[in-house]
Amino acid sequence: MSFLWKKREAVADLIRLDKQYGTLLLLFPTLWSLIIASEGQPSLKHLILFSLGAFLMRSAGCVMNDMADHKFDAQVERTKARPLAAKQLSLWEALIVLAILLTCSLIVVLLLNRFTLWLSLAALFFALIYPFAKRVTYLPQLVLGIAFGWGVILAWAAVRNSLSLTPFLILLANLCWATGYDTIYALMDREDDVKIGVKSTAVLFGAGSWLAVGGFYGLLVFFLTLLGRMNQMALAYYLALLVTAIFLLFQTIKIRKVLQRPALFSLFRSNVWVGVLILVGLLLNYHVGNA
């Protein structure tokens, strides 16, 4: 275990400690679900546990992904410096880090109700199969969308101790959102992926990727609109959704013109603001719109 300290910088790189936008992209849909399930009054306990859970599971997902892809990563310009690809850490050391993260995640979920505990097994399943999806399908982003969105189901179950149509509608919205922004992410590696035989939506749609991203974003807005109607949201929510739609439209237009890695990465990271906008809209709905 001493390697955790001796190789702390490599471990930090392994879990992307300095790149928490991935954690936020996982967390925001979970918070949407938590806020709706609690009618705008989520408990401090749930906020803390799900925030911590998002960090732990995203970190664990990074480790699982790097363990599965370390040979591929060594052949890709953007990822060849990752700890496993660069042999800064061994697979056994990464496995120990993964075990610690999953154990901590289990402790978090044990503090929730039993229904949520059983549902959490599905989250682990999707996180495990995602790294291998790109070997068999051009749509691994769909698997990522479920893995990144399963916190939606867990949050609802933690509050209500049951499920309904609403969390699955949020899950569908997140599925489209994640497929859209991860297609942008995959565009950074499209040429390398084609060479080494890795599949992705960026490879599948090619030059038409910007249209595909626009389509997925359009479905996101559609499902979030249905969500608002089903839950009788106030005007504030729809205004936030309108701003989100405009933001995503401009993002889609930029993708058509910009293919350089730094610009694509910036566009990918900007999706954090989508999560913020919808979160603000939901909070305003419950604390201003229905006042």
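The values are calculated or read from the model by the stated rules, or taken from the named source; none is laboratory data. Just so we're clear, the structure is a prediction, and the values are computed from it rather than from any experiment. Quick reminder, even Gly has a Cβ in these numbers, built from the backbone with ideal geometry, and neighbours come from all protein chains shown.
Some notes on this structure:
- Inside the range 102-139, residues that are of a type outside the set (Val, Ile, Thr), within 18 Å of Leu175 (Cβ to Cβ) and part of a loop (DSSP other than H, G, I, E, B) make up a count of 3.
- Here Trp118 meets each of (1) surrounded by 14 or more Cβ atoms within 10 Å (Cβ to Cβ); (2) within 22 Å of Ser164 (Cα to Cα) with one exception, condition (1).
- Candidate set: the range 2-29, residues that are closer than 17 Å to Ala178 by Cα and of a type in the set (Phe, Trp, Tyr); chosen: the one surrounded by the fewest Cβ atoms within 10 Å (Cβ to Cβ): Tyr21
- Test result for Arg82, more than 21 Å from Phe168 (Cα to Cα), modelled with pLDDT under 90 and not in a helix (DSSP H, G or I): no
- The range 255-272, residues that are surrounded by fewer than 14 Cβ atoms within 10 Å (Cβ to Cβ) and either of a type outside the set (S, T, N, Q) or at pLDDT 95 or above (or both): Lys257, Arg261, Pro262
- Search result, residues across the range 174-219 that are among the charged types (D, E, K, R) and under 17 Å from Gly275 (Cα atoms): Asp182
- Candidates in the range 194-210 are the residues that are touching a residue at least 40 places away in the same chain (Cβ under 8 Å) and under 20 Å from Gly145 (Cα atoms); of these, the one that is surrounded by the fewest Cβ atoms within 10 Å (Cβ to Cβ) is Leu204.
- Against the numbered list (1) farther than 20 Å from Phe148 by Cβ; (2) assigned to a helix (DSSP H, G or I); (3) modelled with pLDDT of 90 or more; (4) not charged (D, E, K, R), Leu224 comes up short only at (1).
- The listed residue being at pLDDT below 95 and not basic (Lys, Arg), out of Ala207, Ala158, Ala245: Ala207
- Of the set (1) under 20 Å from Trp32 (Cβ atoms); (2) surrounded by fewer than 20 Cβ atoms within 10 Å (Cβ to Cβ), all apply to Leu248 but (2).
- Residues located in the range 130-175, provided they are surrounded by fewer than 17 Cβ atoms within 10 Å (Cβ to Cβ), more than 22 Å from Leu224 (Cβ to Cβ) and in contact (Cβ under 8 Å) with a residue 60 or more places away in the chain: Phe132, Arg135, Val136, Thr137, Tyr138
- Test: residue in the range 28-39 that is under 30 Å from Asn285 (Cβ atoms), among the hydrophobic types (A, V, I, L, M, F, W, C) and touching a Cys at 6+ places or on another chain (Cβ under 8 Å): no
- Residue that is surrounded by the fewest Cβ atoms within 10 Å (Cβ to Cβ), among those in the range 85-101 that are without any contact (Cβ under 8 Å) to a residue 24 or more places away in the chain and in a loop (DSSP other than H, G, I, E, B): Lys87
- For Phe55, the conditions (1) in a helix (DSSP H, G or I); (2) under 17 Å from Ile170 (Cβ atoms); (3) at pLDDT 95 or above all hold with the exception of (2).
- Selection count, the range 163-184, where residues are under 12 Å from the mean Cα position of the chain (by Cα) and within 22 Å of His70 (Cα to Cα): 1
- When the criteria are applied in full, Gly180 fails the requirement of being assigned to a helix (DSSP H, G or I), crowded, with 23+ Cβ neighbours inside 10 Å, at pLDDT below 90 and in contact with a helix residue (DSSP H, G or I) (Cβ under 9 Å, 6 or more places away or on another chain).
- Set side by side, the residues Asp18, Asp66 differ, and just one is in a helix (DSSP H, G or I), under 18 Å from the mean Cα position of the chain (by Cα) and of a type outside the set (A, V, I, L, M), which is Asp66.
- Any chance Leu52 is crowded, with 21+ Cβ neighbours inside 10 Å, out of contact with any strand residue (DSSP E or B) (no Cβ under 9 Å at 6 or more places or on another chain) and under 27 Å from Ala133 (Cβ atoms): no
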